[in-house]
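**Student:** Attaching a single structure in structure tokens format; questions to follow.
The values are calculated or read from the model by the stated rules, or taken from the named source; none is laboratory data. All of these numbers come straight from a predicted model, not from anything done at the bench. In this analysis, Cβ positions are derived from the backbone assuming ideal geometry, glycine residues included, and neighbour counts consider all displayed protein chains.
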Amino acid sequence: MHRLRFALTAAFAFFCLGSGAAQTPARNVVVITIDGLRWQEMFGGADRDYFKKQKNGEPGAAEKRFWRDTPEERRALLLPFMWHDMAKGGQIFGDPSKRSRAHVTNGLWFSYPGYNEMFSGVADPRIDSNDKVPNPNITVFEWLNSRPGFSGSVAAFGAWDVLPFILNAPRSHIPVGSGLTLVPQPKTERERAINELAADLPSYWDNEPFDAPVVYAAIEALRTSKPRVLYVMLGEGDEWAHEGRYDLYLDAAERGDRFIKRIWDTLQSLPQYAGKTTLLVTTDHGRGATIKDWTDHGSKVPAAESTWIAAMGPGVPALGVREDVTVTTSQLAATIAAVVGQDFRAASPAAAAPLPGIGTRGAPRPR
């Protein structure tokens, strides 16, 4: 009976996905990116070859903490919310073992081009560096901020001080917390304390705090200003990877997963968001696929083209790890709009279609 019920449920989900059945839109959407998290760790957890041994040849603390015998155990240990909640209650794209691929299309495979593609829906050759240049493209966040019911209800937070330029904050009028000023116009004692925490933490990277105060600022916004559209950029893992610290890269990934769960739990505790919010999680680029180049990414590191995408919430049928499908980072922009019942491509026809079967009236043909 259990097997029959499962088969019928799966068949119904497949029918709804492919038959053009409308998905009920969410009221809100939260987008979270984990900068530079490889698909290798996403789907397989820690790689033993990357750990540093102790002088006596015994496993070090990180290996003891993150290594288990199977990829399924390792990934669930590293990213428990992703695999206990999102994989079961939503969809995940990009697992090569399932003949699934997610990738960027900009050909540069580093941050600003990736974020522009992700949020404007199309790669732009003018975005060819990480320089602080205002984005000439209209992002889905800026477009939503101009729509009835969403105006003044879009917010973004991230440690990287290029984020205001990616979202073109002066033009888009989106409040962007970044760098050491994570709450742009603090009104409460808690908001002021968050800014003080960001400034008081060790300044390990220039004008870029650790991820924790970014998350605190985002959660405080959910409780106070209550945006309908929220973007959170996590960046710590990419920084540790560039420094060759696989142990701290994994630590940041695990902490990022914990932060995502905390944001999700906060959403479910607030009446405006509970059961009415879709969560989208992804990365801006991949990394090298060998011990020699895993710390890097960019056009000279072909493996950095490959990424992953996860989704959960209203408008996202619970299909688990998707098989036999190819998706692109450029599909995120239209997907962000689609899950809240908006058509970004009506305003930006060059943008890629939404992810197949998410927030749409059917499944666009995989690209």
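**Student:** In region 242-271, which residues are over 18 Å from R75 (Cα atoms) and in contact with a helix residue (DSSP H, G or I) (Cβ under 8 Å, 6 or more places away or on another chain)?
**Tutor:** Answer for region 242-271, where residues must be over 18 Å from R75 (Cα atoms) and in contact with a helix residue (DSSP H, G or I) (Cβ under 8 Å, 6 or more places away or on another chain): R262, I263, W264, T266, L267, L270.
**Student:** Here's another thing I want to ask about it. Would you confirm whether or not region 102-118 contains a residue that is part of a helix (DSSP H, G or I), over 17 Å from D238 (Cα atoms) and of a type in the set (G, A, S)?
**Tutor:** Taking every residue of region 102-118 in turn, none turns out to be part of a helix (DSSP H, G or I), over 17 Å from D238 (Cα atoms) and of a type in the set (G, A, S).
**Student:** Next question, about the same structure. For region 254-280, what are the residues that are more than 14 Å from V215 (Cα to Cα) and surrounded by 24 or more Cβ atoms within 10 Å (Cβ to Cβ)?
**Tutor:** Selection gives T277, T278, L279, L280.
**Student:** All but one of (1) surrounded by 15 or more Cβ atoms within 10 Å (Cβ to Cβ); (2) part of a helix (DSSP H, G or I); (3) at pLDDT below 95 hold for M42, so report the exception by its number.
**Tutor:** Here M42 clears every test but (3).
**Student:** Please count how many residues of region 66-92 are in contact with a Leu (Cβ under 8 Å, 6 or more places away or on another chain) and over 24 Å from Q268 (Cβ atoms).
**Tutor:** 2
**Student:** Let me ask you something else. Only residues that are touching a Lys or Arg at 6+ places or on another chain (Cβ under 9 Å) and either assigned to a loop (DSSP other than H, G, I, E, B) or at pLDDT below 95 (or both): list them for region 227-272, please.
**Tutor:** R228, L270, Q272
**Student:** Looking for something in contact with a strand residue (DSSP E or B) (Cβ under 6 Å, 6 or more places away or on another chain), within 30 Å of K132 (Cβ to Cβ), of a type in the set (A, V, I, L, M) and crowded, with 19+ Cβ neighbours inside 10 Å - is there at least one such residue anywhere in region 71-88?
**Tutor:** No, every residue in region 71-88 fails to be in contact with a strand residue (DSSP E or B) (Cβ under 6 Å, 6 or more places away or on another chain), within 30 Å of K132 (Cβ to Cβ), of a type in the set (A, V, I, L, M) and crowded, with 19+ Cβ neighbours inside 10 Å.
**Student:** Could you identify the single residue in A212, A218 that is closer than 22 Å to I32 by Cα and surrounded by fewer than 20 Cβ atoms within 10 Å (Cβ to Cβ)?
**Tutor:** A212
**Student:** For region 164-178, enumerate the residues that are surrounded by 22 or more Cβ atoms within 10 Å (Cβ to Cβ) and in a helix (DSSP H, G or I).
**Tutor:** Listed by number, the residues that qualify are P164, I166, S172.
**Student:** If a residue has to be surrounded by fewer than 21 Cβ atoms within 10 Å (Cβ to Cβ) and out of contact with any Asp or Glu (no Cβ under 6 Å at 6 or more places or on another chain) to count, how many in region 292-304 make the cut?
**Tutor:** Selection size over region 292-304: 9.
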